[in-house]
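Heads up, the thing below is written out as structure tokens.
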Amino acid sequence: MSSNPNDSLEAVNPPIAQTIPATLEKHGRSRVDPYYWLSERDNPDVQAYLEEENAYAREVMAHRDKFEDALFEEIKGRIKQTDRSVPYKLDDYYYYTRYEEGKEYPLYCRKRETLDAREEVMLEVNTLAEGHEYFAVGGMAVSFDRNLLAFAFDAQGRRIYTVRFKNLETGELLDDVLEHVTGNVAWANDNATLFYGKQDPNTLRAYQVFRHRLGSDPSSDILVFEEEDETFTTAVFKTKSKQYLMIASYQTVSTEYRYLSADDPDGEFTVFLPRERFHEYDVDHAGDAFYIRTNWEAKNFRLMKTTLRQTDRSSWREVLPHRDDVLLESFELFRDFLVTEERRQGLVRFRVMPAKGDGEHDVDFGEPAYAAALGDNHDFNASILRYEYTSMTTPDSVYDYDMKTREKVLLKQEEVLGGFAISHYATERTWATAPDGKRIPISLAYRKPLRNPEGNPLLLYGYGSYGISMDADFRSPRLSLLDRGFTFAIAHVRGGEELGRDWYESGKLFHKKNTFTDFIACAEHLVQQGYAAREHVYAMGGSAGGLLMGAVINLRPDLFHGVVAQVPFVDIMTTMLDASIPLTTGEYDEWGDPNRKEDYEYMLSYSPYDNVTAQAYPHLLVTTGLHDSQVQYWEPAKWVAKLRRVKTDGNRLLLKTNMDAGHGGASGRFRRYKELAFIYTFLLDLAGRADSASAS
């Protein structure tokens, strides 16, 4: 085996090297992309190359094998192996998930009426996963009479699911099997009809909804809806009231809903409001009204309602107005209360509004940076709000909040083993200034006694795309960095939605470069403020966050000592020009349509793969999965191959491909931390901290 894949890229694949022109011609590509052949997933030469990269990565890090193994055990040792989620009430059952000692996968369970009742194991995933390197359960739905379970599973990691049915009274699996589906399922109220989604076999775009009658041949299932616009994706679900089935068609800037009485599964779905470009809306039902979260004349969204028989926009009535400084993210309907999940100054707030009288108020969280989300709230008549809360120093917590008395009860906080104490750590929020004057929020955490006023090794994490907000949450594996003197920070850059819809829109399309310059400004700010040692700034991001990593090291390679790019979307031009690749056409409104000259030129100006240049780059670890359906493995593979040829430094450049998984990496409760232990070992080794034991 060669000690450097840079020397063996073509040496190990002479037939491929000799047939590159034919390969490029077959795919309609020019010779400007000499590594395009790496996209041939089933080509044994491609797989051999990926395996050699894996072997090289192991060889480079072999001197830290024992530390990596110990680090994995350290991370695993913080996890309470026998554990159970907080049960939630749905109709006459309490549902929960539990884990057993040493097992990778959960058991999905329930109890009837009371928590003292006999446990019913609905699904034992460890048994289902036997014989599979990868296994993940997707959508699950219990029938209206609570006797049948429909569940979806993926045994490859490509998010192509199989749906099976289980009789919860007898424990037997039914003969019905739905294959090559999306995993998105919803029952009608007749306990015999299931609606489910199918994807395009090539692009994996969910574009069809079918109706299956139990006991019938799946080949005779009825197609009830097909989304013909290739920029839209579909999903089917049931309203909280269980009275309506909904089909959502959605893309980056538009949505459209169809609805059908769940008591009439053979009926026709009715369009709620026809789609309009730049109009996004969500619908739920309660009592005699539909409630609509909409950005119609409301960039940050407002809440409307309408009667069941008149869903045209002229019949909508405003419930909550638009606010320039508050983003309405979601809402929860109760008989006596309306609860909204809002975002103000980058932080989530819960606003509780009684249906009658005064008493409107916010739920108080009491920390400077945190993450919060509405939890399992299935009972329309309840006055208790279930929510989840965490911060960078507070483990995941589940609360019940009495909306009448304003008292909250902590039901469970993630138990972190190994001597963890919240008091040992500090979390802060600071603000960087971008080149255009915008203030960028940063959330950070560190171990108090290890705080160095001259700066600590810093790991800065970022994403900044699709309007997805990166909230300041807790991850117990991260303690392995904090306990060795690292500061961990999240850069809430533009492209996310932390500061409202404008924050998102100013980080997409022709404003995408703001995401990159924001991230650079955050790194520089943390150095200037003494949170980071200049010679030990590290960065990490995944998927679109991997694109961020690729862009910033092209722009400012001198700023970072090491970078981790997880499943990185770095070959944006090739991907967005190929409509046969999953997720491409539906994302023109996020990145641009490269078939238009102006879009093409702007995207090309920052595309990480296309802007690799002859310069020194930081130490770089790149991860991917062979079966990734969101960012195809060949993007990082091509990027690394090009970097090997072009870069001028002698720094580490490692590509690690999981040959059995997809976008989310390895499955299993503990196995996935094997990959994280390798990443942390890479960072700690570069920072000179791989010889130090955990401070705890």
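The values are calculated or read from the model by the stated rules, or taken from the named source; none is laboratory data. Every value quoted in this text rests on a predicted model; they were computed, and no experiment measured them. As a convention, Cβ positions derive from the backbone with ideal geometry for all residues, glycine included, and neighbour counts pool all protein chains shown.
Of the residues that sit in the range 146-163 and are surrounded by 20 or more Cβ atoms within 10 Å (Cβ to Cβ) and small (Gly, Ala, Ser), which one is modelled with the lowest pLDDT? Out of the qualifying residues, it is Gly157.
Of the set (1) more than 14 Å from Trp187 (Cβ to Cβ); (2) modelled with pLDDT of 95 or more, all apply to Gln251 but (2).
Taken together, the residues in the range 421-445 that are in contact (Cβ under 8 Å) with a residue 60 or more places away in the chain, surrounded by 17 or more Cβ atoms within 10 Å (Cβ to Cβ) and not charged (D, E, K, R) amount to 10.
Restricted to the range 586-690, the set of helices (runs of 4 or more DSSP H) holding at least 2 residues that are in contact with a strand residue (DSSP E or B) (Cβ under 6 Å, 6 or more places away or on another chain), modelled with pLDDT of 90 or more and surrounded by 22 or more Cβ atoms within 10 Å (Cβ to Cβ) comprises 634-646, 672-686.
Here is the figure for the range 189-224: residues that are part of a loop (DSSP other than H, G, I, E, B) and either surrounded by 16 or more Cβ atoms within 10 Å (Cβ to Cβ) or on the phi < 0 side of the Ramachandran plot (or both) total 13. Residues in the range 87-109 that are within 22 Å of Leu385 (Cβ to Cβ) and either basic (Lys, Arg) or outside any loop (DSSP other than H, G, I, E, B) (or both): Tyr88, Lys89, Leu90, Tyr93, Tyr94, Tyr95, Tyr96, Thr97.
The set of residues in the range 280-330 being surrounded by fewer than 18 Cβ atoms within 10 Å (Cβ to Cβ), under 17 Å from Val348 (Cα atoms) and of a type in the set (S, T, N, Q) consists of Ser330 alone. For the range 79-87, the count of residues that are in contact with a Ser or Thr (Cβ under 8 Å, 6 or more places away or on another chain), buried (at least 16 other Cβ atoms within 10 Å of the Cβ) and of a type in the set (D, E, K, R) is zero. Quick one: is Pro557 closer than 29 Å to Leu626 by Cβ and touching a Gly at 6+ places or on another chain (Cβ under 7 Å)? In short, no.
Does Ala523 satisfy the condition of being in contact with a Phe, Trp or Tyr (Cβ under 8 Å, 6 or more places away or on another chain) and at negative phi? Answer is yes for this residue.
For Tyr463, which of the numbered conditions (1) surrounded by fewer than 21 Cβ atoms within 10 Å (Cβ to Cβ); (2) not in a strand (DSSP E or B) fails to hold? Among (1) surrounded by fewer than 21 Cβ atoms within 10 Å (Cβ to Cβ); (2) not in a strand (DSSP E or B), the lone unmet condition for Tyr463 is (1).
What residue, among those in the range 144-160 that are in a strand (DSSP E or B) and farther than 13 Å from Asp628 by Cα, is farthest from the chain's Cα centre (by Cα)? The extreme case among them is Leu148. Taken over the range 531-570, the residue count meeting the criterion of being of a type in the set (Ser, Thr, Tyr) and more than 14 Å from Ile490 (Cα to Cα) is 1.
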